[in-house]
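Asks: Okay, handing you the structure first.
The values are calculated or read from the model by the stated rules, or taken from the named source; none is laboratory data. Worth saying up front: this structure is predicted, and the values here are computed from it rather than measured. FYI the Cβ positions are ideal-geometry reconstructions off the backbone, even for glycines, and counts take in every protein chain you see. Please note that ligands, DNA and RNA were not included when accessible areas were found on the heavy atoms of the full protein model with its side chains. Shrake-Rupley method; radii C 1.70, N 1.55, O 1.52, S 1.80 Å.
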Amino acid sequence: GSLWMVTFSGVLRRLPDGKEIFYRVSDPSTNALTSVLEDHEGRVWIGRVQNLYVLKPDAPGELSSLGTLTVRDLDQLARKQVPSSEAVQLPVKSGEIFEYHSPHVALSGRARVLYQTADSHIWISNANSLVEFDGRFFKDHEGVSGLQGPGRMVEDSSGNLWLGGAKGLVRLDRSGMI
């Protein structure tokens, strides 16, 4: 696989053969990149202060003609998606990039942590909120305010999601906060 790294001005993908693709972003000083996650389906989720990207990376074999470093503009390549009452579409084709803007995704601040649980749900958190993507819809979870984070998420063997921050620890047992 590839190594994905968030930098101040973009996301770097390092391929197994050493070639690199840099996905630069516009205006990183006011809309910083915050996190990256490769999900079980091979899609890459990229958190940002005001939005979220999901991309279906090109297979390494499709990139053999690239030079040592290739620079791509993430904002220009991304197709904007607005989640509605209908199921959210995710990128399927190699090279597709979707950008999501909504109250769920912006989370009133930085999407600090992205995490995927064993059931393939994607969790997005910041200091004040927690959003779950179940593969079809974004869902807000109440009750995580005041953690000053969460800075870390982990799933236990029972499927509970633990969120830790500077001011506490919360367990989500999937039927509510405890």
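Asks: Please verify whether Ser26 is open to solvent by 50 Å² or more (accessible area, probe 1.4 Å) and either small (Gly, Ala, Ser) or over 12 Å from the mean Cα position of the chain (by Cα) (or both), treating the condition exactly as stated.
Replies: Values: open to solvent by 50 Å² or more (accessible area, probe 1.4 Å): yes; either small (Gly, Ala, Ser) or over 12 Å from the mean Cα position of the chain (by Cα) (or both): yes.
Yes; evaluated as a whole, the condition is true for this residue.
Asks: Filter segment 34-66 for residues that are touching a strand residue (DSSP E or B) at 6+ places or on another chain (Cβ under 6 Å), open to solvent by less than 20 Å² (accessible area, probe 1.4 Å) and either among the hydroxyl-bearing types (Ser, Thr, Tyr) or outside any loop (DSSP other than H, G, I, E, B) (or both) and give the result.
Replies: Ser35, Val44, Trp45, Ile46, Gly47, Arg48, Leu52, Tyr53, Val54, Leu55, listed by residue number.
Asks: Are any residues in segment 107-132 open to solvent by 30 Å² or more (accessible area, probe 1.4 Å) and either within 19 Å of Met5 (Cα to Cα) or at pLDDT below 90 (or both), and if so, which ones?
Replies: Kept after step one, since they are open to solvent by 30 Å² or more (accessible area, probe 1.4 Å), are these residues of segment 107-132: 108, 110, 112, 115, 118-121, 128.
The answer is Ser108, Arg110, Arg112, Tyr115, Asn128.
Here's the yes/no breakdown for (1) farther than 29 Å from Ser120 by Cβ; (2) touching a residue at least 60 places away in the same chain (Cβ under 8 Å):
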site: Leu3; (1), (2): no, no
site: Phe8; (1), (2): yes, no
site: Leu12; (1), (2): no, no
site: Glu20; (1), (2): no, no
site: Thr34; (1), (2): no, yes
site: His40; (1), (2): no, yes
site: Trp45; (1), (2): no, yes
site: Asn51; (1), (2): no, no
site: Asp58; (1), (2): no, no
